[in-house]
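Asker: My structure is below; once you've seen it, I'll send some questions.
FYI, it's all coordinate maths here, none of it is from the lab. Quantities reported herein were computed from a predicted structural model and do not represent experimental measurements. For neighbour counting, all protein chains shown are included, and Cβ atoms are generated from backbone atoms with ideal geometry for every residue, glycine included.
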């Protein structure tokens, strides 16, 4: 059965359900767990003729702080659940790419994630990142909702 | 953990993987399967 479960989270409430489901499954299967949160690459926002200046270093600082906060929350839950959980911040990648790359690099054999991310439209059956992961993953994906 | 698993299949080769994973998960979690 599954030996190394990758749990993807963006810190949203729904992702919290995926974290809980991933931990429960890992406990049942005695599997290793890695949690990943992905932050996207910096992009300039162009409004009319003027680019909005949001310096790269400020963006990176903010992305690092957000990821640290999200992963600290996962670590806290892992301790509570008595689960050993490695954490990874995948930087400068789009969420699905970051999740799939992390799964591959760490030889994970199951991805657990939420059906929608923080920005997902609830009325859609699946969010775009979940669809992308499902479409491109070569390993099973457990979608939580 | 899961109390009852539903495994969906249309008999296609791609479904066989889902059936295998579903059955393995059911076995490990002692969950009944439909």
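Asker: Which percentage, to the nearest 5, of the DSSP beta bridges contained in chain A is antiparallel?
Answerer: Values: 3 of 21 bridges.
Around 15 percent of the beta bridges assigned by DSSP in chain A are antiparallel ones.
Asker: Which percent of Cα pairs goes in each bin when the distances of the protein assembly as shown are cut into 5 angstrom slices starting at zero?
Answerer: All Cα pairs, binned at 5 Å, distribute as 1, 8, 15, 19, 19, 15, 10, 5, 3, 2, 2, 0, 0 percent.
Asker: Determine the shielding of peptide B:21-29 by partner chains: average, over its residues, the number of Cβ atoms on other chains within 10 angstrom of each Cβ. Numbers along the way, then the final one.
Answerer: On the way: counts 5, 1, 0, 3, 8, 0, 1, 6, 5.
Average per residue, whole number: 3.
Asker: For chain A, what is the relative contact order in percent, using Cα pairs closer than 8 Å and at least 6 residues apart in sequence?
Answerer: Once normalised by length, the contact order is 33 percent.
Asker: Quick one: order A:33, A:131 by neighbouring beta-carbon count within 10 Å, fewest to most.
Answerer: Details: A:33 24, A:131 15.
Ranking A:33, A:131 by Cβ neighbours within 10 Å, fewest first, gives A:131, A:33.
Asker: Can I ask one more? Give me a single rounded figure for A:17-27: the average over its residues of other chain Cβ atoms within 10 Å of their Cβ.
Answerer: 1
Asker: Diagonalise the Cα gyration tensor of region A:63-141 and give the resulting equivalent ellipsoid semi-axes, square root of 5 times each eigenvalue, largest first, whole Å.
Answerer: 21, 16, 14
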